[in-house]
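The structure appears below as structure tokens.
The values are calculated or read from the model by the stated rules, or taken from the named source; none is laboratory data. Note that the structure is a prediction, hence the values are computed from the model and not measured. Positions of Cβ are generated from backbone atoms using ideal geometry, with glycine treated the same way; all protein chains shown enter the neighbour counts. Heavy atoms of the whole protein, side chains included, go into the accessibility calculation; ligands, DNA and RNA do not. Shrake-Rupley method; radii C 1.70, N 1.55, O 1.52, S 1.80 Å.
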Amino acid sequence: MTKRCYYEVLEVERTASDGDLKVAFRKLAMKWHPDKNPGDAAAEVRFKEVAEAYEVLKDGQKRAAYDRFGHAAFEQGGVGGGGPGFGADFSDFMTDIFDNFFGDSRARGGRQGRNRGSDVRYNLEITLEEAFAGKTAAIRVPTAVRCDSCEGSGAKAGSRARTCGTCGGAGQVRAAQGFFAIQRTCPTCGGRGEIIDNPCDVCHGAGRVTRERNLSVNVPAGVEDGTRIRLSGEGEAGGNGGPAGDLYIFLAIKPHAIFQRDGADLFCRAPVSMTLAALGGEFEAPTLDGEPAKVSIPAGTQTGRQLRLKGKGMPVLRSRNVGDLYIQVVVETPQNLSRRQRELLQEFERESSGETHPESAGFLSRVKELFGGLGG
Ligand SMILES: [Zn+2]
Ligand SMILES: [Zn+2]
């Protein structure tokens, strides 16, 4: 059986926010829940499908892996590793899902508990120049806020929620597991203790809606690719007055056209004319601070030689240290010669000897030795 796309399963766009996913999951999980569809195997399959899709998409890392590699990300030995892992008994699996999803309310005392809002991930891409200088980035973050239309109740104006029949409004049910009877979040109402028959048009019963908020993020000079910046309390709004989650900014640094970075050091290749390399002199090298640096090269510089400019690399985060810039010289062979230039070079060649070209002279004599040895 081919697996359906997770976004299709949850009936959301690929751009859906965490809040949208949660709403979609809640709606579909209720619809296909085995308690509501007793003996219906097809519903159970749909329910598992919905739960699996949400397990993956609610997790920023797993979602990114799925976006890149599809289902392959979670296959045995796949790139993502540690996929959702659905070998377990269905009831255990369901428990996990509901504990993950509604776990907080149970931990904090059941019905109407104060739920801490979810943490939110935001991917921010910056240039190497910005990582060098640091910047204040203005970002727009979609987060869940209380729905004004229903004042967070989730019920359409003029209607009210009714008490949940499964748990009698407690939000908790008793379940036997082995020798133990344990309290568990009610799967029918998700711990709310009530059922919304006429959900609010704006939030579809979630009581929260997704809004974009403008925030400014201070990106310090010297940040590395993959750095995580935590903004405490800037995540999703909590439920029932609970504290907000945190916002995590994941920084990615775009590849640079000229510089490669290794920690605080920068590397680049600089083409240098044949005559400059032979005679020695000065040339201008690019740097990240925008001011070209004067670099002197000694006479007789060969291709591949590395020149080090101290203190011209990246600043080190939270310190006064600065890395170095390494410039690798690439001697450029002249092209499109004029007649005069050709004559000059031919004259130069006549004057050349083992002294002016020790490397090729040495190479030639080694080749001679090798073939002489084989021949004799
Ligand atoms: Zn209930
Ligand atoms: Zn609403």
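Within the range 1-51, restricting attention to residues that are in contact with an Asp or Glu (Cβ under 8 Å, 6 or more places away or on another chain) and among the hydrophobic types (A, V, I, L, M, F, W, C), the residue that is nearest to GLY207 (Cα to Cα) is ALA24. Candidates in the range 183-242 are the residues that are of a type in the set (A, V, I, L, M, F, W, C) and within 16 Å of ligand 2 (Cβ to nearest atom); of these, the one that is modelled with the lowest pLDDT is ALA237. Name the single residue, out of those in the range 243-280 being surrounded by fewer than 17 Cβ atoms within 10 Å (Cβ to Cβ) and in a loop (DSSP other than H, G, I, E, B), that is modelled with the lowest pLDDT. Within the range 243-280, the match that is modelled with the lowest pLDDT is PRO243. Of everything listed in (1) charged (D, E, K, R); (2) within 16 Å of ligand 2 (Cβ to nearest atom); (3) free of Cβ contacts under 8 Å to residues at least 40 places away in the same chain, the single unmet condition for ARG146 is (3).
Can you tell me which of ARG305, ARG208, ARG230 is touching an Asp or Glu at 6+ places or on another chain (Cβ under 9 Å), open to solvent by 50 Å² or more (accessible area, probe 1.4 Å) and touching a residue at least 24 places away in the same chain (Cβ under 8 Å)? Among ARG305, ARG208, ARG230, only ARG208 is touching an Asp or Glu at 6+ places or on another chain (Cβ under 9 Å), open to solvent by 50 Å² or more (accessible area, probe 1.4 Å) and touching a residue at least 24 places away in the same chain (Cβ under 8 Å).
In the range 131-152, of all residues being among the basic types (Lys, Arg) and over 20 Å from ASP201 (Cα atoms), the one that is farthest from ligand 1 (Cβ to nearest atom) corresponds to LYS135. Checked against (1) part of a loop (DSSP other than H, G, I, E, B); (2) surrounded by fewer than 19 Cβ atoms within 10 Å (Cβ to Cβ), VAL223 passes all but a single condition, namely (2). Of all positions in the range 173-186, none carries a residue that is buried (at least 16 other Cβ atoms within 10 Å of the Cβ), hydroxyl-bearing (Ser, Thr, Tyr), in a loop (DSSP other than H, G, I, E, B) and within 16 Å of ligand 1 (Cβ to nearest atom). Of all residues in the range 286-299, at least one satisfies being loosely packed, with under 14 Cβ neighbours inside 10 Å, over 30 Å from VAL219 (Cβ atoms) and touching a Phe, Trp or Tyr at 6+ places or on another chain (Cβ under 9 Å).
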